[in-house]
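The values are calculated or read from the model by the stated rules, or taken from the named source; none is laboratory data. Remember, predicted model here, so these are calculated numbers, not experimental data. Cβ atoms come from the backbone with ideal geometry, glycine included; neighbour counts cover every protein chain shown.
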């Protein structure tokens, strides 16, 4: 008799807990329904263009035939993964991709932080807005326009960069055909294009710092550099760490369009990256299985890098993305 009573009591408790959780969930949904509505287009985008196409990774394990289809093609396992590892060009391609990604992170990540710190110290509002507007403009230019401008600026005959070099007594440099200059041009143009737009997040984070902290630092005799080091940077540290973790995941995600428009056979030794190689073997040569295997390998390595960066951030600070 007692056992039946306890079972009934437990059942009632479960029902009551379920009803309470359901009521709380409905309350939270009603409170955030407009935010969820704003999030809906983003969710639909990722489902349609990111998650649904993921079924296609199966062709990396098959000898994919366009006419037979995905499921009727012959299963070959890790054949194409071994093919890429044993490819004599794979080391050079991975090296180029990794170096471009690391240089982009090393030089490109601090640039918007420093730009935001400098802009935050400007007290002339009109001048500050003009600088912000000018710095944002390159972000809205298409990659084709940016590369076209590079070709014009760096032209060995008519480019103003070479004109300046020759006017100072230097020799003309063919930047776009010299393998040694490709990475410098790629990284510098990327910084120029993104520094203003990327600084928006840091400028927003700077507004959340309590001004009384600066007042206390001034009373303690801290100069401007000390204020930035002891007040400003710690105030936006969480934002910096979060964005750094996200950027580490893009170390191998070098923009295909820009590299494709900039490179040529003369600079393959430093310009050929995973994205352009996948384009050649996948779309040009029609080896879809091989191209998919390379792309999936790159994605898995990027996932490992993000997980490692997040682990280190969680271990040495209070900030992480999961």
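When we screen 117, 137 for residues that are more than 30 Å from residue 305 (Cβ to Cβ), assigned to a helix (DSSP H, G or I), in the same structural domain as residue 251 (by TED's automatic domain parsing) and in contact (Cβ under 8 Å) with a residue 12 or more places away in the chain, the only hit is 137.
Return a yes/no flag: does segment 81-101 have any residue that is in a helix (DSSP H, G or I), in contact with a strand residue (DSSP E or B) (Cβ under 8 Å, 6 or more places away or on another chain) and either touching a residue at least 40 places away in the same chain (Cβ under 8 Å) or over 27 Å from residue 203 (Cβ atoms) (or both). No. Applying a threshold of 6 Å to beta carbon distances and a minimum spacing of six or more residues, or different chains, the list of pairs starting in segment 204-223 at a residue that is modelled with pLDDT under 85 and ending at one that is part of a loop (DSSP other than H, G, I, E, B) and surrounded by 10 or more Cβ atoms within 10 Å (Cβ to Cβ) is empty.
So residue 122 clears everything in (1) without any contact (Cβ under 8 Å) to a residue 40 or more places away in the chain; (2) in a helix (DSSP H, G or I) except one condition, right? Which one? Failing condition for residue 122: (2). With respect to the stated conditions, residue 60 fails to be outside any helix (DSSP H, G or I), out of contact with any strand residue (DSSP E or B) (no Cβ under 6 Å at 6 or more places or on another chain) and buried (at least 16 other Cβ atoms within 10 Å of the Cβ). The residue of segment 25-67 that is modelled with the lowest pLDDT, among those that are touching a helix residue (DSSP H, G or I) at 6+ places or on another chain (Cβ under 8 Å) and over 14 Å from residue 289 (Cα atoms), is 29.
Can you find even one residue in segment 152-171 that is surrounded by 15 or more Cβ atoms within 10 Å (Cβ to Cβ) and under 19 Å from the mean Cα position of the chain (by Cα)? No, segment 152-171 contains no residue that is surrounded by 15 or more Cβ atoms within 10 Å (Cβ to Cβ) and under 19 Å from the mean Cα position of the chain (by Cα). When restricted to residues that are more than 20 Å from residue 114 (Cα to Cα) and out of contact with any helix residue (DSSP H, G or I) (no Cβ under 6 Å at 6 or more places or on another chain), segment 211-232 contains 7.
Do we find a residue being farther than 30 Å from residue 130 by Cβ, in a helix (DSSP H, G or I) and in contact (Cβ under 8 Å) with a residue 40 or more places away in the chain anywhere in segment 276-288?
Quick first cut of segment 276-288, residues farther than 30 Å from residue 130 by Cβ only: 276-288.
Checking which are in a helix (DSSP H, G or I) leaves us with 276-284, 288.
So of that shortlist, the ones also in contact (Cβ under 8 Å) with a residue 40 or more places away in the chain come out as 277, 288.
Checked against the condition, which is being farther than 30 Å from residue 130 by Cβ, in a helix (DSSP H, G or I) and in contact (Cβ under 8 Å) with a residue 40 or more places away in the chain, segment 276-288 yields at least one hit.
Among the residues of segment 178-186, is there at least one that is loosely packed, with under 13 Cβ neighbours inside 10 Å and over 17 Å from residue 236 (Cβ atoms)?
Applying the first criterion (loosely packed, with under 13 Cβ neighbours inside 10 Å) to segment 178-186 yields 180.
From what's left, over 17 Å from residue 236 (Cβ atoms): 180.
Yes, segment 178-186 contains at least one residue that is loosely packed, with under 13 Cβ neighbours inside 10 Å and over 17 Å from residue 236 (Cβ atoms).
Take residue 291 and tell me if it is surrounded by 15 or more Cβ atoms within 10 Å (Cβ to Cβ) and touching a residue at least 24 places away in the same chain (Cβ under 8 Å).
Details: surrounded by 15 or more Cβ atoms within 10 Å (Cβ to Cβ): yes; touching a residue at least 24 places away in the same chain (Cβ under 8 Å): no.
In short, no.
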